[in-house]
Structure formats: C-alpha cells, structure tokens
Amino acid sequence: MKLTDRSAATRTSRTQPTSMDLALDRDGNCVGTMEMGSDGGSVEIVKRGEEVWMKPDTAFWKAQVPGGEGDEVAELFKNRYIHGHGHSEAGRCDAAARDFTVVRLETHATLTEAQAMYRACGYTEIPRHDDNVHAAHWFGKRLPDSTAAGRSRR
C-alpha cells in the first residue's frame, strides 16, 4: 500500500511525511518506509505482533530534532533500529491506512534519552492512556489535518 501527500505544504516541509510504502498482512504486521518532504529523511518500519522497530536515517534526525542536536541524536542511534511496542497508535500499521490526528506513545522511566528525543520532536507529556505496566511517561503529538487538499492514496 502506498500513501502519498502531494500538497505543496508537505513537499516543502522537512518534518511531515510525504509518502508511506507499507506491506501489510492480515494479522496487522507490516514492513515498509516513510519518506519525509524536502530531504527530511526517511524511516524504515517493521512491525511483528506487538513489537515495532523503526530505523530513522541521519537526515530524519537532523530535520526532526531542532537546534543542531539532530546530529547528536543521529550519532546516538547510529542508523540502528529503535525498538518499541505496538500498544500506541504510532505502533499500529493500520493507523497509516486511515486518517488520524494524534500520535500517542509511552516510555519507561529509565529511558531518559527517549524522553528527551520525544520532547525535542514536539511531543508533550499527556495523562496515562494505556495499561502498559512498564511505562512511566506518556507523550502525545497532534498531527496536521490529513484530509487537506492534495492528499491522494494509490
């Protein structure tokens, strides 16, 4: 499944996705990529069951993390996969196939680097939204209106 946003605002934004190319199965597993606009990089995505792996490239980190700290984050992860769980909307492959306006996620108390990265990427702490016993911090981020003119699916 390929989703493409051809709007001018998205093409010139380094922080908004312009396309997602995902292979989905009947069990909700997926593998694919998300491309950001205006050389904002890309992210490889793999989901199997409740396990999610994402591998952002250096350009993605530079675009997403403000103030020149993107290089530091890129160096921290060194083109490796980041592992998480599919309990949140961000970890569900079928979320890409429908319009949604908020991404919610959670992290463990000891993962201070992850917490800093989420804040740097525009997430704010929100009230608990799931029953994950390992989570201590919950974050949310409102996404731009996905029904904007220019969005097409092919």
>> Show me the ranking of peptides 128-139, 53-64 by mean Cβ neighbours inside 10 Å, starting with the highest.
In response: 53-64, 128-139
> Taking the mean number of other Cβ atoms within 10 Å as a proxy for protection, how do you rank 42-48, 21-27 from highest to lowest?
Replying inline: 42-48, 21-27
> Once you put a point 7 Å from the Cα of Ala116 and another 7 Å from the Cα of Glu51, both along the Cβ direction, what distance in nm separates them?
Replying inline: 2.8
> Charges only on Cβ, +1 for Lys and Arg, -1 for Asp and Glu: so what's the dipole of the range 28-90 about the Cα centre, in debye to the nearest 20?
Replying inline: 220
> Amide H to amide H under 5 Å from Glu51: which residues, 5+ apart in sequence or cross-chain, H placed 1.01 Å off N in plane?
Replying inline: Gly86
>> Using the basic label-point model (7 angstrom from Cα toward the beta carbon), what is the Glu125 to Glu72 distance in nanometres?
In response: 2.0
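Bear in mind that the values in this text are calculations on the coordinates, not laboratory data. Bear in mind the structure is a predicted one, so any value in this text is a computation, not a measurement. Every residue, glycine as well, gets a Cβ built from its backbone with ideal geometry; the counts of neighbours run over all protein chains shown.
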